[in-house]
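What follows draws every value from the coordinates through simple rules; no lab data is involved. All figures in this text were calculated on a predicted structure; none of them were measured in a lab. Quick reminder, even Gly has a Cβ in these numbers, built from the backbone with ideal geometry, and neighbours come from all protein chains shown.
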């Protein structure tokens, strides 16, 4: 049985990721809304989960998942490889910064 804290953690992580994606894509001139950003976050989560399940943890799995997520960003936002790559790098940097300041959800509330 899935613990409630795991479900809450997933929802919070998706929301934070969606907000970061939304802000970054707006800064890069895209017009799509928060719904598209949430979809990108959800697709990214699924991509990484599936790739890590199939290939295990490690740099190779991260690289493959990253390429597939770039394809997803490229398709969702109808942008080129270069812009998708720049957006992904900025999202990654912002996610690290936000992760430093947000408390983790594992453990007692």
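Using the number of other C-beta atoms within 10 angstrom as an exposure proxy, rank 38, 63, 22 with the fewest first.
63, 38, 22
So what's the angle, to the nearest 10 degrees on a 0 to 90 scale, between helix 81-101 and the longest Cα principal axis of the chain?
The helix 81-101 is inclined about 30 degrees to the chain.
Please report the relative contact order for the range 4-99, taking Cα pairs under 8 Å with a sequence separation of at least 6, and give it as a percent rounded to a whole number. Write down the numbers at each step before the final one.
Numbers: 67 pairs, mean separation 26.3, N = 96.
In percent, rounded to a whole number, it is 27.
Can you pull a Stokes-Einstein diffusion coefficient for the range 4-99 at 10 °C (1.306 mPa s), Rh from Kirkwood over Cα pairs, as a whole number of µm²/s?
Values: Rh = 13.6 Å.
Taking Rh from Cα pairs, D becomes 117 µm²/s.
Need one number: nm distance between label points at residue 3 and residue 97, each 7 Å from Cα along Cα→Cβ, rounded to one decimal.
My value for the distance between the label points is 3.2 nm.
Stretch residue 23-residue 62 to full length: gain in nm at 0.36 nm per residue minus the Cα-Cα span? Before the final figure, lay out each step's value.
Working: separation 39, 0.36 × 39 = 14.04 nm, distance 2.36 nm.
Full-extension gain reported as 11.7 nm.
Taking the 0 to 90 degree range and rounding to the nearest ten, how far is the long axis of helix 34-55 tilted relative to the main principal axis of the chain, both from C-alpha atoms?
On a 0 to 90 degree scale, this one is about 70.
How tilted is helix 59-77 with respect to the longest principal axis of the chain? Cα atoms for both, answer in degrees (0 to 90, nearest 10).
The helix 59-77 is inclined about 60 degrees to the chain.
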